[in-house]
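Contents: one structure, followed by commentary.
Derivation of every value follows stated rules applied to the coordinates shown; laboratory data play no part. None of the values given here were measured: they were computed from a predicted structure. Heads up, the Cβs are rebuilt from the backbone with ideal geometry, glycines too, and the neighbour counts pull from every protein chain shown.
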Amino acid sequence: MDNQENKKYKVGYTCGVFDLFHVGHLILLERCKAMCDKLIVGVCDDNYVRNIKHKEPVFSENDRVRILKALKVVDDAQLVTIEETDDKMLALEKFHFDVLFSGDDWKGSERYNQTEKQFAKVGVAIEYLPYTKGISTSQLKESIKK
């Protein structure tokens, strides 16, 4: 049987900053791709990183998109605005996915409980995935400073 036929979803979507790309990012994307035929990655723009995360990106938004597009587990990567990152219905209108992949730290939050209700009305699922233990961009930045 063809591998594609075993996949749970047709189009999957996840988004993040993906600055200082590391193995934790790769593991997350591999987990996403294992569940869908096509994986679209939204890359938070520099405006989001500066104004919402209050951090200065190491790599520019265009470089981060370029890195993600080069990965064989990613079918498409595009910049997303603050609005598209915060309001997953806007992301859904833009990318037409049938599953949103998100970190399990969001599960049960008010924001995601609302998103689950909105998605249920249009037949879109949310899959919560665990973060890779022991690595993060913040940890990498700290390690580099030392």
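Using R₀ = 25 Å, calculate the FRET efficiency as 1/(1 + (r/R₀)^6) where r is the Cβ-Cβ separation of GLN78 and ASN6; round to 0.05. Given R0 = 25 Å and the Cβ-Cβ separation, E is 0.40.
As a proxy for reagent exposure, PHE97, PHE119 were ordered by neighbouring Cβ count within 10 angstrom, fewest first; the result is PHE119, PHE97. In a simple Cβ point-charge model (Lys, Arg +1; Asp, Glu -1; nothing else charged), the chain has a dipole of about 400 debye relative to its Cα centre. Each residue of the stretch 68-76 is assigned a 3J(HN,Hα), and the resulting list reads 5, 5, 7, 7, 6, 7, 9, 8, 7 Hz, derived from the Karplus form 6.51 cos²θ - 1.76 cosθ + 1.60 (θ = phi - 60°), x at Gly and Pro.
Per-residue Karplus couplings for the stretch 24-36, computed as 6.51 cos²θ - 1.76 cosθ + 1.60 with θ equal to phi - 60°, are listed in order as x, 4, 4, 4, 4, 5, 5, 4, 4, 4, 5, 9, 9 Hz, Gly and Pro entered as x. When the C-alpha to C-alpha distance is required to be over 21 Å, the pairs from LYS10/LYS121; LYS33/LYS117; LYS33/LYS121 that qualify are LYS33/LYS117; LYS33/LYS121. With the simple spin-label model, which puts each label point 7 Å out from Cα in the Cβ direction, the LYS94 to ASP37 separation comes to 2.4 nm. Multiplying the residue separation of GLU30 and ASP105 by 0.36 nm and subtracting their alpha-carbon distance yields 25.1 nm. Quick check: from the Cα gyration tensor, does the chain come out rounded (a/c under 1.5), prolate or oblate? In terms of gyration-tensor shape, prolate. Shown is the FRET efficiency for GLN114 and ASN47, computed with R0 = 22 Å from the Cβ-Cβ distance and rounded to the nearest 0.05: 0.40.
Taking neighbour Cβ counts within 10 Å as the exposure measure, how do ILE82, ILE40 sort from fewest upward?
ILE82, ILE40
Using C-alpha pairs under 8 Å with a sequence gap of at least 6, the mean separation divided by the residue count of the chain gives a relative contact order of 27 percent.
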